[in-house]
Amino acid sequence: MVRDIQIGGGAPVVVQSMTKTDTTDVDATIRQIDEMVEAGCEIVRIAVPDDDAAAAMYEIRKRTNVPIVADIHFHYKLALKALDAGIDKLRINPGNIGHIDRVREVVRAAEAQNVPIRIGVNGGSLEKDLLKKYGSATPEAMVESGMRHVRILEDLGFSNTIISLKASDVNRMVAAYRLMAQK
């Protein structure tokens with residue numbers, strides 16, 4: 001559940017998109033969120049690349065009711081700040097956050113607020129060891145990457161997880177999702 005919206009488990013497909021504004025430009029970001037919602041978007045993802053963007057999340061959260069996903073790369077403190085701002089879903093790859101104590105801190109904060117963590121696997125940015133093992137971003141490589149990140153969360157007792165698999169080739173992406181569904 002992302003706030004009151006069910007994802008997966010036989011629920012209808014949820015329309016989700018991501019802003020392309022500078023998150024620190026709160027007015028522009030809110031305008032874009034409003035446009036997206038008007039077009040049928042039900043969940044909005046926002047990049048949180050730095051402290052200024054994390055600080056802007058407080059004001060963005062106040063000014064919109066749409067469920068918000070904070071897109072975090074590498075910096076666990078940005079994830080904590082976004083959670084503190086009241087976001088509804090967190091997008092991280094636990095293996096990119098650093099030491100397990102940092103991941104544990106993010107997981108505990110997400111758990112306390114009942115916020116799911118979305119693991120985003122992108123065929124264009126797979127781990128080097130997987131690219132070497134599989135030769136390219138195959139469906140198997142994408143699934144192994146996703147399962148690697150899921151395992152980190154599960155080892156910490158966290159299961160409120162959403163998995164996203166993206167590839168520029170639709171057939172490869174569909175194959176990856178089918179393989180992931182089997183796992």
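The values are calculated or read from the model by the stated rules, or taken from the named source; none is laboratory data. Predicted, not measured: the structure shown is a model, and the values here were computed from it. Note that each Cβ is placed from the backbone with ideal geometry, even for glycine, and that neighbours are counted across all protein chains shown. Side chains included, ligands, DNA and RNA excluded: accessible areas come from the protein's heavy atoms. Shrake-Rupley method; radii C 1.70, N 1.55, O 1.52, S 1.80 Å.
In order along the range 71-83, the phi-based Karplus estimate (6.51 cos²θ - 1.76 cosθ + 1.60, θ = phi - 60°) of 3J(HN,Hα) comes to 8, 10, 10, 6, 9, 4, 5, 5, 4, 5, 5, 5, 4 Hz; Gly and Pro are listed as x. Against the criterion of solvent-accessible heavy-atom surface with a 1.4 angstrom probe, 159, 136 sort, most first, into 159, 136. Taking 0.36 nm per residue of separation and subtracting the current Cα-Cα distance, fully stretching the chain between residue 25 and residue 64 would add 12.6 nm. Here residue 172 sits with roughly 60 square angstrom of accessible surface, probe radius 1.4 Å. For semi-axes √(5λ) of the Cα gyration tensor in Å, the value calculated from this model appears in (1) 24, 21, 17; (2) 37, 22, 11; (3) 26, 19, 16 under label (3). If R0 equals 41 Å, the separation of the Cβ atoms of residue 52 and residue 182 corresponds to a calculated FRET efficiency of about 0.45.
Net charge near residue 61, counting Lys/Arg +1 and Asp/Glu -1 over other residues with Cβ under 11 Å of its Cβ? Neighbour charge sum, excluding residue 61 itself: -1. Charge tally around residue 179: other residues with Cβ under 12 Å, Lys/Arg +1 each, Asp/Glu -1 each, net +1.
Look at where the Cα atoms of the range 1-73 and of the range 138-163 average out, and the two centres are 23 Å apart. Taking amide H as placed 1.01 Å from N in the peptide plane, the amide H of residue 118 sits under 5 Å from that of 90, 91, 92, 162, each at least 5 places away or on another chain.
Take the range 64-103 with all the other protein chains still there, run a 1.4 Å probe, and you get 38 Å² of accessible area per residue.
Checked against a 29 Å cut-off, the cross-linked pairs 20/62; 132/183; 81/183; 20/183; 81/132 give Cα-Cα distances beyond that limit for 81/183; 20/183; 81/132. Of the accessible area of the range 42-106, computed with a 1.4 Å probe over protein heavy atoms only, carbon and sulfur atoms account for 46 percent.
Mean residue ellipticity, 222 nm, helices only, the chain: the sum of -39500 (n - 2.57) across DSSP H runs of n ≥ 4, divided by residue count and rounded to 500, is -14500 deg cm²/dmol. Taking Cα atoms only, the orientation of helix 26-38 departs from the longest principal axis of the chain by about 70 degrees.
What is the percent of Cα-Cα separations in the range 118-183 that go past 20 Å?
Numbers: 471 of 2145 pairs.
Every Cα pair in the range 118-183 considered, those over 20 Å come to 22 percent.
Counted by Cβ distance under 11 Å from residue 71, the other residues give a net charge of +4, where Lys and Arg count +1 and Asp and Glu count -1.
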